[in-house]
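Inspection log for the structure reproduced underneath, given as structure tokens.
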Amino acid sequence: PKHHTQADVPDIYRLAYATGGVFVNVALQEPFGLTLIEAASHGVPIVATCHGGPVDIHRTLRNGTLVEPRDVKAIGAALLGLVTDRDKWNECSRSGLASIHKYSWKSHCEKYIDAVVRCRGGEGSAASFAAGPLTPTRHVSMEADEIMRTGSARFEF
């Protein structure tokens, strides 16, 4: 059972980073992988399952190694490779930190707005809407910025 609170989680990742640790998630199937994103946001390299969401996360962040979760030798080799090769550990740590912004709400909203603009046959991007008049699209973008600043949302219909 867990012996920590949600407030302890950042400190756990900071400890892993400070001690040259690695975050391991070798579930048989991982639909998304939020813990891998949390680890990357703290500069902690990963060893993760090669099934499900971690594949996409690793493709974006390049911050560790994917393994077959039933292959104990591969898991051990990946973990040992990261904790004993400081250059590799540093490379994975830097890569995760450099790309983690791709998982921000702002990035998500910009990609979504860009997709909507393309589907509607328009030109431009989320960034070009930010400077224009208040439209439903710009309103959503502004709400996303507000959520990032305050941690809460206020939606008006």
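The values are calculated or read from the model by the stated rules, or taken from the named source; none is laboratory data. Only a predicted model underlies this, so the values are computations on that prediction, with no experimental measurement involved. With ideal geometry, Cβ positions are generated from the backbone for all residues, glycine too; neighbour counts draw on all protein chains shown. When the accessible area is computed, the model is the full protein with side chains, heavy atoms only, and any ligands, DNA or RNA have been set aside. Shrake-Rupley method; radii C 1.70, N 1.55, O 1.52, S 1.80 Å.
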| request: State whether the residues of the range 94-116 include one that is free of Cβ contacts under 8 Å to residues at least 40 places away in the same chain, among the acidic types (Asp, Glu) and outside any helix (DSSP H, G or I). | output: no
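Identify the residue in the range 87-105 that is crowded, with 18+ Cβ neighbours inside 10 Å and either more than 9 Å from the chain's Cα centre (by Cα) or polar (S, T, N, Q) (or both) and, among all such residues, is farthest from Ala40 (Cα to Cα).
Narrowing the range 87-105 to residues crowded, with 18+ Cβ neighbours inside 10 Å: 89, 92-93, 95-96, 100.
With the extra rule that they be either more than 9 Å from the chain's Cα centre (by Cα) or polar (S, T, N, Q) (or both), the set shrinks to 89, 92-93, 95.
On the way: Trp89: 12, Cys92: 9, Ser93: 7, Ser95: 8 Å.
That would be Trp89.
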| query | Of the conditions (1) in contact with a Gly (Cβ under 7 Å, 6 or more places away or on another chain); (2) without any contact (Cβ under 8 Å) to a residue 40 or more places away in the chain, Val83 fails just one. Which one is it? | reply | (2)
| Filter result for the condition that a residue is among the small types (Gly, Ala, Ser), touching a Cys at 6+ places or on another chain (Cβ under 9 Å), closer than 18 Å to Tyr13 by Cα and modelled with pLDDT of 95 or more, over Gly64, Gly96 | Gly64
| Can you pull out the helices (runs of 4 or more DSSP H) entirely within the range 1-85 that have at least 3 residues that are closer than 16 Å to Tyr103 by Cβ and open to solvent by less than 70 Å² (accessible area, probe 1.4 Å)? | 34-41, 53-61
